[in-house]
Amino acid sequence: MEAAPTVAGELFRFSINKKVRMKQLIDKLRHKHSLTGEEYAILLTCQDADTLMYLQQQAQEVTLAHFGNAIFIRGLIEVGNRCRNNCYYCGIRKGNPAVARYALKRETILECCREGYALGFRTFVMQGGEDPALTDEWIEATVAPSAMSSPIVPSPFH
């Protein structure tokens, strides 16, 4: 005669099944690069330490396969905070009167690059608000090889 299931036994079986299901979701995400909305919600609410460790291991393997283990440090240049948009979440939005607006001149940006290069940076990111004055042509002229070539900052294009 088979023993009646206990509450503890049922909880253990449920826990094991849940771990198996979570591992299946992680494996699906790794191999198919997508889950359903419900599956993402299940994965994001996971609190099981073993499952989270497995997720972290899978993520690390994918990261190393795609990017290796090299670290690239880039110089960040805030070229300005003028913006035509009024995104509520953004501190430099057009409608924020508390912001002192500025826009760097091309020579100042290039000087930042020269100084950054001397400090060991080899790539730079320019970012700022969506300033209508920063046209494609202006940006191109700023980052063009001729603008970047100097004894201090050799052009990466030569």
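Please treat every number below as a calculation from the coordinates, not as lab data. Source: prediction; values computed, not measured. Please note: Cβ atoms are built from the backbone with ideal geometry, for glycine as well, and neighbour counts cover all protein chains shown.
The H on the amide N of residue 124, modeled in the peptide plane, is under 5 Å from the matching H of 75, each at least 5 residues off or on a different chain. Here the spin labels are modelled as points 7 Å beyond Cα on the Cα-Cβ line, and at residue 56 and residue 21 they lie 2.4 nm apart. In this structure the amide hydrogen of residue 129, modeled in the peptide plane, comes within under 5 Å of the amide hydrogens of 80, 81, 82, none closer than 5 places in sequence on its chain.
On a full-extension model of 0.36 nm per residue, what is the gain between residue 47 and residue 139, subtracting their alpha-carbon distance, rounded to one decimal in nm?
Working: separation 92, 0.36 × 92 = 33.12 nm, distance 4.62 nm.
Additional length available on full extension: 28.5 nm.
Sorting 139, 73, 109 from the fewest to the most surrounding beta carbons within 10 angstrom yields 73, 139, 109. Between residue 130 and residue 111, the simple spin-label model (points 7 angstrom out along Cα→Cβ) gives 3.1 nm. Straight-line reach from residue 32: taking Cα to Cα under 23 Å and skipping same-chain neighbours fewer than 8 places apart, the lysines in range are 18, 19, 23.
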